[in-house]
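Here is the structure we will look at.
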Amino acid sequence: MLAEAWRRTDVTDRTDSAHHGEHGEAKSQRSYHHLDFINRELSWLAFNQRVLEEAEDSTNPLLERVRFLSISAGNMDEFYAVRVAGLVDQVRAGEGKKSVDGLTPTQQLETVRHQAWRMQQEQQRIWHSVRAELAKTGIVIESVDKLHHSDKEWLDKYFEEQVFPVLTPVDLNPTHPMPFIPSGGQALVLRLRDVDTHKHKADGLVVMPPQIPRFIRLPDKNGQIRFIALEYLIAHYTKRLFPGLHGVPTGMMRIVRNLDVDLEEKAEDLLNTFEKAVQDRRHGVCIHLEVEGTIPKHLVRKLGLERDEVVLLPKMAGMGDVKQLIVSDRPELLFSPFHAAMPQRVLDHDGDCFAAIKEKDLVVQHPYESYDVVVHFLQQAAQDPNVLSIKQSIYRTSHDSPIVHALIAAVEAGKSVTAVVELRARFDEEANINLARALEARGVQVVYGLAAYKTHAKMILVVRREGERLQSYAHFGTGNYHPSTAKIYTDISFFTCDPVLVEDAARLFNYATGCAKPHLQALCCSPLTIRSTLVELVQAEIAHARAGRPAQIWLKMNSLVDPQLIELLYDASQAGVSVKAVVRGICCLRPGVKGLSENIEIHSIVGRYLEHARVFAFGNGEGLPSPYAKLYISSADWMKRNMDRRIEAMVPITDPAAHAHILNQIMVVNMRDTLRSWKLLPNGKWERMAPGNEPLSAHDYFMAHPSPAYGEEIAPVGSESRTGVAVQES
């Protein structure tokens, strides 16, 4: 589950390269040079390097280090399948448009491939070290030849019953076409020799079945947890696969295909069109090949690959598979369990979410407070006879989601239910197509949103009859309605029945379903007003600085890429505005450069949880934190796609308690984190922050303090909170 969460790391959009938005907002007064920006692709690789560093951090439990190694490998697959594939397409099409940092597609492709190759070699080195440490703790990958005869008997049975029936050995001669290998698929390559003459007869290939685990667990022995790699097992039984021939394994190969799909947005039947496009994606061209050992050159030619698209690996192809070694029966090698509780105010109202929200706006920080509150909110709405309607946007959700069940239960209870399902959530298209069909079959009104814009906003709107009037309740989130990943993503839920916000929510839903531009009183939305509002907010801080007033901006997001907004932050820095940002992933802004950005600091928190919340704070003439600050949470990162090509929500937080919770607690602790933070340097490199005199891990702090104590104004980060030791709960 954690690997799935970390996979979603902003590698899935290719087109954030235009220099300014199309909506006529104010631009920077200064002309900036391409050297003022960091390349997007290299910045993403730097993020994945930070993830990989966690695999080498001895302060992390050993099996969690294995998990980080697997995550970094999975991230690389997606990077090749989308971002590198996009550069390849541009080069083959002869496109010469430069990125914002001044590189042509050809230059980017060459640089990115070199950096990616270095990272994969680093993964190999770390795996060699981690595997040795695993062996010392009693988790061993065995070789068949060293197994006891009783183990070989067990393997004989396992191979005959579980593996042999699903294998298809192929003789790679000219009369046999190359078997199809899906993206991420692996194959064992062999040299086939006559058993009598020992002459080379042909090359053989066995595609490894995805239904069988890469690492097969053997019966435990002498307290050891033992595995055998599937390729070792197949290699041992080649005589059964190629009778009369002697098969000598020479290498393992693993393919990554171009998984981008060109979805026709103007098709008459969006559902069927998208479904066909997703099916076609499976057969995308091969754009990357990992090889452990050696394979015949003709095999590379059959795959249509160039030499620079092949990476030789000394230890293991398919590093993402090491997650299969993470066993639950060695808890001392995992993070200590953490069990989030329901928000206290909801408990104080005996689980009545409507009563808790009606008391005042409710902020919930996940995963430190349970995501069950969101599920319960929907379940209560489905069961409440006074609820008339429910509307919800769905970008990603989990398999067999309780949220989906709640929507179906609401329909069956006679309520009006509308689901805005985004079919184009990359790599979740098929799941969302199936979800849309299932919801429609049960009576939910399913809308696919506007053809030109992905619906990325996270919103629920419940309308309830209370006496003689209708009362609406809204939920706005920074993360997806995905109960599984909500356990490991850090996100913010905001519940409100504020009349202005719930009316705006209704209008924004009407925009997503009916395309009429809404008149919003407080909410901001993309593609209409988020960009222009951010421009106004930054320019207001510049005006405060020039007038001699305090001027500060605090930002928290996943990616900072949009050139126009970066240039405005440069303008702000030069005017004397202090800008501090926590950016988890891609950051194209170059901080700390004299005369350009010396008043900008960029940090990145990487650790047990995946940082995912988007929070924007503007001092408004006061130093931060301040009750007078203008504060927003959002579904949008500062990327061109989020500003101009998606339906997003940016929600003002004005309730004093909610404002203090987010700004004085969540943001203050994020800004003070040193134990899991990295700092971006002017040269574009990242370095770990020193613990300092007040070492603090935001993740550990919030596990100990999931919500502020009553009356608390600023997070009390005392010495007892700085240990960096995870809270344990039974």
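Where a number appears in this text, it was derived from the coordinates with a stated rule and is not lab data. The model shown is predicted, which means the values in this text are computed figures rather than measured ones. As a convention, Cβ positions derive from the backbone with ideal geometry for all residues, glycine included, and neighbour counts pool all protein chains shown.
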**OP:** Take the cross-link list 98/580; 98/679; 556/580 and give me the ones stretching past 18 Å between alpha-carbons.
**Re:** 98/580; 98/679
Subject >> Overall Cα dimensions of the range 344-519 - principal axes, largest extent first, Å >> reply: 41, 38, 32
**OP:** Could you tally the net charge around residue 495, taking each other residue with its Cβ under 11 Å from the Cβ of residue 495, Lys/Arg +1 and Asp/Glu -1?
**Re:** -1
Original post:
Restricting to the chain, what percent of DSSP beta bridges are antiparallel, rounded to 5?
Top reply: 70 percent
Original post:
D for the chain, whole µm²/s, Stokes-Einstein with Kirkwood Rh over alpha-carbon pairs at 10 °C and 1.306 mPa s: what number?
Top reply: 58 µm²/s
Original post:
residue 239: which lysines have alpha carbons under 28 Å from its alpha carbon, excluding same-chain residues fewer than 8 sequence positions away?
Top reply: 146, 152, 157, 199, 201, 297, 302, 315
Original post:
Ranked highest first by average number of other Cβ atoms within 10 Å, how do 687-694, 479-486 line up?
Top reply: 479-486, 687-694
Subject >> Most positive-pole-ward Cα, 669, 540, 58, against dipole of the chain from beta carbon charges >> reply: 58
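Which value at 222 nm does the chain reach when only helices count, each DSSP H run of 4 or more adding -39,500 (n - 2.57), with the total divided by all residues and rounded to the nearest 500 deg cm²/dmol? Write down the numbers at each step before the final one.
Values: 22 runs with 235 residues, N = 730.
Result for the chain, helices only: -9500 deg cm²/dmol.
If the viscosity is 1.002 mPa s and the temperature 20 °C, what Stokes-Einstein diffusion coefficient in µm²/s follows for the range 138-323 when Rh is the Kirkwood radius over Cα pairs?
Once the numbers are plugged in, D ends up at 116 µm²/s.
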**OP:** Using a 10 Å cut-off on Cβ atoms, rank the peptides 602-608, 276-282 from the highest mean neighbour count down.
**Re:** 602-608, 276-282
Original post:
Rounded to the nearest 5, what % of the DSSP beta bridges within the range 344-519 are antiparallel ones?
Top reply: 70 percent
Subject >> Cα-derived Rg to Rh of the range 67-120, Kirkwood definition >> reply: 1.04
